[in-house]
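Below is one structure, written out as structure tokens, with a few remarks after it.
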Amino acid sequence: MIPWFLAVPVLLVQTPAAPLPEVEAKDLPRAPRGPMTPQVPDTGAESGITGQARRGARMGPSIPALQLPAGSVRVKDKVPDMSGWRAYAIEVPGGGAVKVQVVEGRKAWFRVLGVNAWGREEEGLLQNRIPTGEPQATYQNPTAEVRTIYFIVDTLDVNMVGDPFTVEVTRG
């Protein structure tokens, strides 16, 4: 008979999860539409000419979005332009859940916003409002219908154009 204190460590050992498939953002198709520009404070704004250029880049009525594939996936991307944000569209089935998190890159310099097509929060969206250095947002679809939700990866510094990052999209 095995003593109980020797069996406990065996129970705590878990097998590692299979790695998620990786895709390059340049290989993702454009979404039919993007979300309206969310009304959130720009924490990366500056008072100089660079800050003015960033504010101007964020003035558009909507943000172009990339369509995420079905299933869980890792997306390798980079900050595309002076606006400092990239939007991803995802279809969430009724009762489904999704979590989007920046897992590689200068994580503490990013935040993830979950919004609907109007650039607003709605029931089921959970934002990480406390700056913990873990940029993530989740959505739990409370309806029985398929919903399109947009996750915006936003930079907290104005000088991040071209910085690489990896987003992990986990479906529940």
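Quick notes on this structure:
- Accessible-area composition of the chain, carbon plus sulfur, in percent [1.4 Å probe]: 61 percent
- A 1.4 Å probe run over the protein chains yields, for segment 56-136, 48 Å² of accessible area per residue, whole-number rounding.
- Computed [θ] at 222 nm, helices only, for the chain once each DSSP H run of length n ≥ 4 contributes -39500 (n - 2.57): -3000 deg cm²/dmol
- Pair Gln140, Gln127: separation of 7 Å Cα→Cβ label points (nm): 1.9 nm
- Debye intensity ratio I(q)/I(0), log10, segment 50-153, q values 0.12, 0.14, 0.15, 0.22 Å⁻¹ (C-alpha model): -0.41, -0.56, -0.64, -1.31
- Relative contact order for the chain, counting Cα pairs under 8 Å that sit 6 or more residues apart, in percent: 29 percent
- Thr37 sits among other residues whose Cβ lies under 12 Å from its own Cβ, and their net charge, with Lys and Arg +1 and Asp and Glu -1, is +1.
The values are calculated or read from the model by the stated rules, or taken from the named source; none is laboratory data. As the structure is a computational prediction, the values presented were derived from the model and not from experiment. Cβ coordinates were reconstructed from backbone atoms using ideal geometry, including for glycine residues, and neighbour counts include every protein chain displayed. Surface accessibility is based on the protein's heavy atoms, side chains included, excluding ligands, DNA and RNA. Shrake-Rupley method; radii C 1.70, N 1.55, O 1.52, S 1.80 Å.
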